[in-house]
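The values are calculated or read from the model by the stated rules, or taken from the named source; none is laboratory data. Not measured: the values here are computed from a predicted model. Glycine also receives a Cβ, built like all others from the backbone with ideal geometry; neighbour counts cover every protein chain displayed. Calculation scope for accessible area: heavy atoms of the full protein, side chains included, ligands and nucleic acids excluded. Shrake-Rupley method; radii C 1.70, N 1.55, O 1.52, S 1.80 Å.
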Amino acid sequence: MKHAQQPDILPGTVGEGLAQRGVTRREFLKLCTTLTALLALPPSMAGAMAEAISKARRQSVIWLSFQECTGCTESITRSHSPTLENLIFDLISLDYHHTLQAASAEAAEHAREQAMKDNDGKYLLIVDGSIPMGNPGFSTIAGISNYDMLMETARGAAAIVAVGTCAAHGGIPRADPNPTGAVSVGDIVKDKPIINVPGCPPIPVVMTGVLAHFLTFGGIPELDAQGRPKSFYGETIHDRCYRRPFYDQGKFAQTFDDEAARQGWCLFKLGCKGPVTYNACATTKWNDGTSFPIQSGHGCIGCSEANFWDAGPLYKALSMPVSATTSMLGAAAAAGAAAGVAVTWHNRSTKAAAKAAHEKMTVQELSREEK
Amino acid sequence: MSATLEKGINAFKEVIDAPIASFFSSCVRCGMCAEACLFYTETGEAKYTPIHKLEPLRRVWQQEYTLLGGLGKLLGLTRPVTDAELAEWEPLVYDSCTLCGRCSMICPVGNDITYMIRKMREGMAASGHAPQDMVAATTRAITIGSPMGVKWPAVQAQIKHVQADTGIEVPVEREGADYLVLMSSMEIINFPEYLSALSRIFKQAGISWTLAQDAFEATNSGIQIGASDLAGEIVGRIVVAAERLKVKCVISPECGHAYTALRWEGPNLMGRPFGFEVKHILEVLDELHKAGKLKTKGKDQRPLTYHDPCQIARRGGVVEQPRRLLSEVAADFREMSDAGVMNWCCGGGGGVSANSRADSLRLQAFKVKKSQIEATGVQTLITACANCRIVLEEGLEHNHMKVEVIGLTELLAEYLVEDNSTPVPSPAGGRGLG
Amino acid sequence: MSHLDLLTFARGSALNWALVLFAAGVVLRLFEILGLGRRPDLAKPRPDSPGSGWRTIVMRSVPKADTLKRDAVTYVSGYTFHIGLLVSIFFFAPHIEFFRSQSGFGWPGLPSALVDALAVIAMVALGVSLAHRITSPVKRMLSDISDYVAWAMTLLPLLTGYLAYHHLLLEYTMMLALHLFSIELLLVLLPFTKLFHAFSLFISRWYNGDISARKGVAS
Ligand code: SF4
Ligand code: SF4
Ligand code: SF4
Ligand code: SF4
């Protein structure tokens, strides 16, 4: 690796913040190397990244939470220290986050307005939670509906990061019958770049990576059709699952406590959604790389996928029907019978009419007139 | 009054029933029925595929009696059946189908194609698309009383002849007799042996029987052409006579379709079950034989085989009887391949032999019979249908085959043990006029 | 539509709708056929007939020697295909699981390798049938577009099932979705094509057998 130069420490930059916290250049470079790996960038980029981040001004970030469970914030803040996550969060200027900030009420809202004014067009907007469209009163902050606050804050944002499946896809609040009329950020904001970081909750390091990318390159990473960073959501859980060899050999656990389950066989038959779920759990894992759900013996529930909440029972294999239709079949048969009775009635009248039109035949009638 | 397309289509609509709807629904277009039909196997022409002969009827079913077909018709997506089309189908429905029923035994999904062709002929006849010869035969059957124009005096002449030959009285118009005996025109004209054989057998068995002056003809052109109204009229004559003479049983002669007409279609044409029984002569002979009333002596030493007439075996259920009877009088009986209910048709049933337009096709179709007979190596062929017999004789002659055709009843009569043990002239030698 | 959405649709709403249309279609067609009725037969049936409608339902599956000789291709390919298809549908363990999840009861399956082989053989037989349909003058004359559609609709579930099972061509779950869609298409169209013979065959054979049996013939 090229030996990067010690970046100059400029006031108000990330570099200054790092220096104040006593983070050595070596440590910072290590962080950047990890990030480039996560972002699937060539390792040689680490130096450039370190330099870019050091020189970058501390990015103003406004974090809005709507219909959510705070799981996403928990996911990030509960990470053990010292972590990449903490570092990065310390390096930004989190100007508004109603769970984390000390200020409340008027002061809090004022902080948001101030940040929007000071950094117009440059601040990063992070959203977690879905937006209720059914009734503005379903969810408000300081008397402002989620929708109004989102639209107002989005206007001056450089980009939006929709964190968690709720913000990215509507999430659990959107589950059938979707009582609040929940929608995702992307459903209503159409004129800003949006990075979806789904997951219920998302993996902390994935968020960090996205932020680092933004800080380094001043733009958004390469996204897939659903607005997710390809570097984290490019493969399915199943593609990287360590139980995959069992799957390929057709070795499946039938129950959670059978011998096969103890042997760590594949959880497909127990409803694992890994094959259709695009996320990085199997590689990054959770809790400082300790484990991930499948490693703990439970199938993937597909939490980072849109509509995972309505994709059938969690413990039903993907090859099984979502719901039993036996009751519907009775109704269908009844409908078919009703139609059948109508057709039969029609057929019988056709036949009766033909019978009525039949005049007893005579031999003369065996020939045609012209014959 | 004349035949019209409307009447034809109307008849199609009348005849389509649940079996036909299920048959058309089930057809998988596998073409196996072709392999069962002698008109296809002997010509190799695809158009003779049995189910294809029903195409116009199928379309009427689809358009009139299915939901999707009806919608298609409303939207003008389906072609209606036209006169030109029926004219094109006429030779398929009449000339190339003997209603032999073989295809119905083969179709893997169980379609009774023969049943459908019989019904389809109703619409063909009503629309004026029946062959002229068959129209003429039916007209004679209705107006004269017999398709070949035979009248009672001709029968009387034969009765005289038989009485002179055998010395046995042929009873006529005998009320209270057990059996009413019918004949086919063919027998009256070409095979007088039948009546004489019967008189002798019945005499020996002590059976009370009679002929009826106004109901001697068993054949029914109305069935073959597919005109149920006319068929009913023809059957009605026999029913009236049987009821007038209070017989217990009507004996259908050695004629295939006459048996079908009377035994299976008769009550349905009349719209009521019969108060008397209907039996084919072979059934009666078999019963007499079982009861020990039909005694024969000696056996025919010639190698011989038996041709199962379609309407008697496959479409009539009389299969074992002829074999039991033959085992009494034949020393060297050889079964044909496919004998019994899978036997091949002579090629002339179902009105085909009455339709001169079909002559060359019929002779072509005869090839299968020819090879069947040749394989047995016999020169004597027994059968139990006068129509088969004429058709077989013609086919054999056409192929320069030296094979003699004999009615089973006559063969039996030849070996009959008679009480008065007077020598009897051999009836087996007589060839018909046809 | 995401991968998960596609599969959820295939095994959820699409499946439910297909089953609903299938059930309604089958019942409708049965009414359509049976509703036409038939006139009672007034001719006295033979009391001692060897045949019956039920007998023909079973026995019509046995080919007649002469016809078998004349067209072995149809019989052999037909038999092979039907056996392969039925075994694949009803004796493949995952399918039995599927039926169990719908109906609550199941039955023992056959070894996957055997089912797999039979499915391949069935597909080969289908290929032979198609070639035969195109080359035989009789079959070609009898066929219209619906026959070729029916052929394709029958092949697709076998093919996609095979590819899914072996993880070929597409990801398993994608192929699984296609497999389900092909089955759903089949279910919806079955009542309205010649494939309805799967049901009406029993009616046809019964009528055929009954008509013959009354006359004393086992058909
Ligand atoms: S446990 Fe789930 S993700 Fe892992 S191999 Fe099995 S199906 Fe795939
Ligand atoms: S394993 Fe699946 S369900 Fe679990 S967190 Fe990861 S994506 Fe979500
Ligand atoms: S009934 Fe006989 S002649 Fe007529 S189509 Fe069928 S096999 Fe051919
Ligand atoms: S054999 Fe039966 S199913 Fe096959 S084409 Fe003929 S009628 Fe149709």
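Can you list which of the trypsin sites (Lys or Arg not before Pro) found in region B:274-307 are DSSP loop residues with at most 13 other C-beta atoms within 10 Å?
Taking region B:274-307 and a limit of 13 other Cβ atoms within 10 Å, the loop trypsin sites (Lys or Arg not before Pro) found are B:Lys297.
On average over all directions, what projected area in square nanometres does the protein assembly as shown have, based on the convex hull of its Cα atoms?
Mean shadow area of the hull around the Cα atoms is 53.3 nm².
Calculate the FRET efficiency for A:Gln249 and C:Glu171 from the Cβ-Cβ distance with a Förster distance of 30 Å, rounded to the nearest 0.05.
0.95
Hey, got the dipole for chain C? About the Cα centre, +1 on K and R Cβ, -1 on D and E Cβ, debye to the nearest 20?
That gives a dipole near 1140 debye.
Taking a 1.4 Å probe, which of C:Trp206, A:Trp286, B:Trp264 shows the most accessible area, and what order do the others take after it?
Accessible-area ranking of C:Trp206, A:Trp286, B:Trp264, largest first: C:Trp206, A:Trp286, B:Trp264.
May I ask you to list the residues of region C:1-45 whose amide nitrogen lies under 11 Å from a point 7 Å from Cα along the Cα→beta-carbon direction of A:Lys190?
none
Please work out the Cα center distance from region B:184-198 to region B:219-279, rounded to the nearest Å.
19 Å
Provide the gained length on full extension for the span B:Lys402 to B:Glu85, in nm with one decimal, where the gain is 0.36 nm per separating residue minus the Cα-Cα distance.
Value of the extension gain: 109.9 nm.
At 1.4 Å probe size, with the rest of the protein present, what percent of the exposed accessible area of chain A is carbon and sulfur atoms?
Whole-percent figure for carbon plus sulfur exposure: 55.
With the Cα gyration tensor of region B:177-278 giving a ≥ b ≥ c as the square roots of its eigenvalues, does the rule (a/c under 1.5 for rounded; else a/b larger than b/c for prolate; else oblate) give rounded, prolate or oblate?
oblate
Work out how far the C-alpha atoms of chain C reach from end to end along every principal axis, then list the three figures in whole Å, largest first.
66, 37, 37 Å, listed from the longest principal axis down.
Sort region A:59-233 into rounded, prolate or oblate with this rule: let a ≥ b ≥ c be the square roots of the eigenvalues of the Cα gyration tensor; rounded if a/c is under 1.5, and if a/c is not under 1.5, prolate when a/b is larger than b/c, oblate otherwise.
The shape class here is rounded.
Which one of B:Ile312, B:Gly407, B:Thr380 has its Cα pushed farthest toward the positive end of the charge dipole of region B:300-414, where Lys and Arg give +1 and Asp and Glu give -1 at the Cβ?
B:Ile312
Looking only at other chains, what is the average number of their beta-carbon atoms within 10 angstrom of each beta-carbon in B:305-318?
The shielding value for this peptide is 2.
As I understand it, the dipole of chain A uses +1 on the Cβ of Lys and Arg and -1 on the Cβ of Asp and Glu, about the Cα centre. Which of A:Ile301, A:Ala337, A:Ala352 lies farthest toward its positive end?
So the residue furthest toward the plus end is A:Ala352.
Among A:Ser54, B:His52, B:Ile189, which residue has its Cα positioned farthest towards the positive end of the charge dipole of the protein assembly as shown, with +1 placed on the Cβ of Lys and Arg, -1 on the Cβ of Asp and Glu, and the dipole taken about the Cα centre?
B:Ile189
Counting only the heavy atoms of the protein chains, how much of C:Trp107 is accessible to a 1.4 Å probe, in Å² to the nearest 10?
Surface open to solvent at C:Trp107 totals about 70 Å².
Hey, rough spin-label estimate for A:Ser349 and C:Ser61, points 7 angstrom out along Cα→Cβ, what's it come to in nanometres?
Those two pseudo-labels are separated by 4.2 nm.
Leaving out same-chain residues fewer than 8 places away, which lysines sit with a Cα under 23 Å from that of B:Lys290?
Counting by Cα, and skipping residues close in sequence, B:Lys290 has these lysines nearby: B:Lys203, B:Lys248, B:Lys279, B:Lys299, C:Lys44, C:Lys215.
Pairs B:Lys297/B:Lys367; A:Lys360/B:Lys369; B:Lys53/C:Lys194: which are spaced more than 29 Å apart, C-alpha to C-alpha?
B:Lys297/B:Lys367; A:Lys360/B:Lys369
Leaving ligands and nucleic acids out of the surface, order C:His197, C:His95, B:His307 by accessible area at 1.4 Å, largest first.
Heavy-atom accessible area, descending, gives C:His95, C:His197, B:His307.
Classify region B:295-385 as rounded, prolate or oblate, taking a ≥ b ≥ c as the square roots of the eigenvalues of its Cα gyration tensor: rounded when a/c is under 1.5, otherwise prolate if a/b is larger than b/c and oblate if not.
prolate
Identify all lysines with a Cα-Cα distance to A:Lys251 below 20 Å; exclude those on the same chain that are fewer than 8 residues away in sequence.
Leaving aside lysines fewer than 8 places away in the same chain, those within reach of A:Lys251 are A:Lys269, A:Lys273, A:Lys316.
So if I take the centroid of the Cα atoms in region C:105-160 and the same for region A:94-128, what is the distance between those two points in Å?
Taking the Cα centre of each part, region C:105-160 and region A:94-128 sit 65 Å apart.
I want to make sure I understand the PRE zone here: with the label point 7 angstrom from the Cα of A:Phe256 toward its beta carbon, which residues in region A:281-304 have backbone N atoms less than 17 Å away?
A:292-303
In degrees, nearest 10, range 0 to 90: what is the angle between the Cα axis of helix B:152-166 and the longest Cα principal axis of chain B?
Between helix and principal axis, roughly 30 degrees.
Output the relative contact order of chain A, whole-number percent, from Cα pairs under 8 angstrom with separation of 6+ residues.
Here the relative contact order equals 13 percent.
Tally the DSSP beta bridges in region B:300-414 and give the antiparallel ones as a percent, rounded to 5.
Restricted to region B:300-414, the bridges split so that about 0 percent are antiparallel.
Which percent, nearest 5, of DSSP beta bridges in chain A are antiparallel?
For chain A, the DSSP antiparallel bridge percentage is about 30.
Carbon-plus-sulfur fraction of the accessible area of region B:142-290, 1.4 Å probe, in percent?
Exposed carbon and sulfur together represent 52 percent of the surface.
Please get the size of the charge dipole for region B:71-189, origin at its Cα centre, with Cβ charges of +1 on Lys and Arg and -1 on Asp and Glu, quoted in debye to the nearest 20.
Charge dipole, region B:71-189, about its Cα centre: 300 debye, nearest 20.
Viscosity 1.002 mPa s, temperature 20 °C: give me the Stokes-Einstein translational D for region B:5-130 in µm²/s, with Rh taken as the Kirkwood radius over C-alpha pairs.
Answer, rounded: 147 µm²/s.
In angstroms, what radius of gyration and Dmax does chain B have, counting Cα atoms only?
21.9, 79
Rounded to the nearest 100 Å², what is the buried accessible area between C and A, both sides summed, probe 1.4 Å?
Using a 1.4 Å probe on protein heavy atoms, the buried area is about 3000 Å².
Could you work out which residue, out of C:Gly127, C:Gly161, C:Gly106, moves most in a Gaussian network model of chain C, that is, has the largest mean-square fluctuation with Cα springs under 10 Å?
Maximum fluctuation in the GNM of chain C, among the listed residues, is at C:Gly106.
Out of region A:328-371, which GluC sites (Glu not before Pro) are coil in DSSP terms and have no more than 11 other C-beta atoms within 10 Å?
Here the GluC sites (Glu not before Pro) that fit, given the DSSP loop and packing criteria, are A:Glu369, A:Glu370.
Using a 1.4 angstrom probe on protein heavy atoms only, which residues from region C:26-40 are buried by at least 10 Å² of accessible area when all chains are present rather than their own chain alone?
Going by heavy-atom accessible area, the residues of region C:26-40 that drop by at least 10 Å² are C:Val27, C:Leu28, C:Arg29, C:Phe31, C:Glu32, C:Ile33, C:Gly35, C:Leu36, C:Gly37, C:Arg38, C:Arg39.
Report the antiparallel proportion of the DSSP beta bridges in the protein assembly as shown as a percent, rounded to a multiple of 5.
20 percent
Of the residues C:Thr67, C:Thr193, C:Thr154, which exhibits the maximal mean-square fluctuation in a Gaussian network model of chain C defined by a 10 Å Cα contact cut-off?
Answer for the Gaussian network model of chain C: C:Thr67.
In debye, nearest 20, what is the charge dipole magnitude of region B:5-130 about its Cα centre with +1 on Lys and Arg Cβ and -1 on Asp and Glu Cβ, if you could check?
280 debye
Which distance in Å, rounded to a whole number, links the C-alpha centroids of region B:286-323 and region A:226-277?
Centre-to-centre (Cα) distance: 76 Å.
At 1.4 Å probe radius, can you tell me the per residue accessible area of chain B in Å²?
That works out to 32 Å² per residue.
With just the Cα atoms of region C:1-41, tell me how far they stretch along each of the three principal axes, in Å, largest first.
60, 11, 8
Roughly how big is the C-B contact, given as buried accessible area in Å² (both sides, 1.4 Å probe, nearest 100)?
In total, chains C and B hide about 4500 Å² from solvent.
Tell me what chain C gives for mean residue ellipticity at 222 nm when only DSSP H runs of n ≥ 4 count, each as -39,500 (n - 2.57), the sum divided by the residue total, rounded to 500 deg cm²/dmol.
When only DSSP H runs of four or more count, the value is -24000 deg cm²/dmol.
Excluding residues fewer than 8 places away in the same chain, name every one of the lysines whose C-alpha is closer than 26 Å to that of A:Lys30.
A:Lys2, A:Lys55, A:Lys230, A:Lys285
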